[in-house]
Amino acid sequence: MAAVGCLLLLLPSLVTASHSPPGCKIRITSKGLDLVKQEGLRFVEQELQNITVSDLHGSEGQFQYNISQVKVTDLQLAFSDLNFQPQQHLVFNISNASISLRFRRQLLYWFFYDIGSINASADGVHIYTVLQLAKDEAGRLKISNMTCNASIARMHAGFSGTLRKVYEFLSTFIVTGMRFLLSQQICPSLEHASLVLLNSLLDTVPVRNYVDEHIGIDYSLLRDPSITTDTLELDFKGMFFPRVREDQELENHAVEPLIKETERMVYVAFSEYFFDSAMHSYFQAGVLTIELQGEKVPKDLEVLLRATFFGTIFMLSPSVDAPLRLVLQVSAPPRCTIKPLGTSVSVSAFLNISLVPPDRPPVQLSSMAMETKLSAKVFLQGKALRVQLDLRRYGWGPMGVWGGSPPHPTHSCLLLCRFRIYSKQSALESLALFSLQAPLKTLLQLTIMPIINERTKKGVQIPLPEGMDFTREVVTNHAGFLTVGADLRFSKGLREVIEKYRPVPTAAAYSSSQPAEPSLDPSSL
């Protein structure tokens, strides 16, 4: 009983460990699957046109025959469908298709030798494939297994040449053999296309890569994909890490994104954890420090600071004219808050103001604490998610717009900003610093914010395969997460991307893979 009790106590932690909330989630809807079907059908046609059928040769009494150089000349895949199948599968079904073939014939009957070509047509072709999707050891989405069933209802062949009547006599035997050989090659061709070629396309999805010289992003899958009859959902870790400590893990306590919409082709959701881990990584990398000295300090602010600390500066003669130095250093990892009305980032920092006399140690005039809440505008640029911080007061309320322009439909709404400073030494000094609050806020907005936004200008790529882009994006805020709803388009075909990353075969491998040319010598039959 004691063991059972201990097990019950451990169950909550085991459940939590087995279901870590994602920092990023992607939902693909049936509309998105329809687009994939159109491009996928073109890819399947290209693969089936490259089918290699083995030579057919043998003898029937005094007849010796050889069928070779079989080539697909035309495909008609009129009826096809691609569907989700719970829990981890995609079903691709082709029915009532036709395949036109052309192949070379050689026939020896006693002393009569005949060569020529045969045009054939395979009708009533049915192909049923089921693709199983799973995450691999690296956390990448893969086609882990494929089942395939192909059949040909009927096949016709047309003959020409001097021994046409003989071929028509043997047509049943030849056509039956060709139908068997062709049906046996369809599934291996599609299996190679899925498990090798399409998986090479999935390899172009970023999993763990560097964002800039300071941080990286981990987009590894937390679990196998979840598939319903209408959607496919992928749970990504969505965690940034500092490059100086790549093994660092930040525990995720944020709300798990919950996507309910199905109107667009794809939805990408980001939790507060996604943004918090980015800011935590920058903090750990030690880059959230900005220094302004000499001419970089705005002139109006310099005059005000010298007036505010006149007594201290006056006592430092002859260093009165020494340049000022302002060092703004974030004191703790910033935190992101996402609400239906907008996104904000809370920042705590220290501002140290010093005189820097030449050839002498810096003299500190003041050290103050700053607390600010910045509005964050989240938007897409291509496949990159970008965040632009702002300290100005914007809002969007039930009575309309106040303090700025209405938010763009591809941006998250903006929240009211907050800014205050106080002394680290005493409340009395905090009162003396009150006159600096407005000028320092202006400094932060006009000088510091552009520097920060320039550093994050590149953004971070959303995990999509190469050749697939977003269109008509809309950013929507929820409680604890935001979603980007969009449609998709192919900027490159599947074949183009696959060929780009296909390994170049060696000369030996290439020559061995080529079908041998049939012999024209009757003695070889």
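The values are calculated or read from the model by the stated rules, or taken from the named source; none is laboratory data. Because the structure is predicted, anything quoted here is derived from the model rather than measured. Cβ placement follows ideal geometry from the backbone for every residue including glycine, while neighbour counts extend to all protein chains displayed. Note: areas computed on protein heavy atoms with side chains; ligands, DNA, RNA excluded. Shrake-Rupley method; radii C 1.70, N 1.55, O 1.52, S 1.80 Å.
For Lys339, the solvent-accessible surface computed with a 1.4 Å probe is close to 110 Å², ligands and nucleic acids excluded.
Per residue, the convex hull spanned by the alpha carbons of the range 28-203 comes to 116 Å³.
Within the same chain, lysines fewer than 8 places from Lys500 are excluded, and of the rest, those with a Cα less than 30 Å from its Cα are Lys25, Lys31, Lys37, Lys71, Lys135, Lys142, Lys237, Lys383, Lys457, Lys458, Lys492. The length gained on full extension between Arg223 and Ala134, counted as 0.36 nm times the residue separation minus their Cα-Cα distance, comes to 31.2 nm.
A 1.4 Å probe run over the protein chains yields, for the range 28-203, 49 Å² of accessible area per residue, whole-number rounding. Between Asp34 and Val244, the FRET efficiency estimated from the beta carbon spacing at R0 = 41 angstrom works out to 0.35. Estimated from the Cβ-Cβ distance and a Förster radius of 41 angstrom, the FRET efficiency linking Asn83 and Tyr113 is about 0.20.
Remark: spin-label model distance Arg472-Gln437 equals 4.7 nm, labels positioned 7 Å along the Cα→Cβ axis. Glu496 sits with roughly 110 Å² accessible to a 1.4 Å probe, with DNA, RNA and ligands left out of the calculation. Just the protein heavy atoms count here, and of the accessible area of the range 28-203 at 1.4 Å, carbon and sulfur take up 51 percent. The accessible-area ordering, largest first, of the residues Thr52, Thr29 stands as Thr52, Thr29, per a 1.4 angstrom probe. Accessible surface of Ser20, taken over heavy atoms with a 1.4 Å probe and every protein chain present, rounds to 50 Å².
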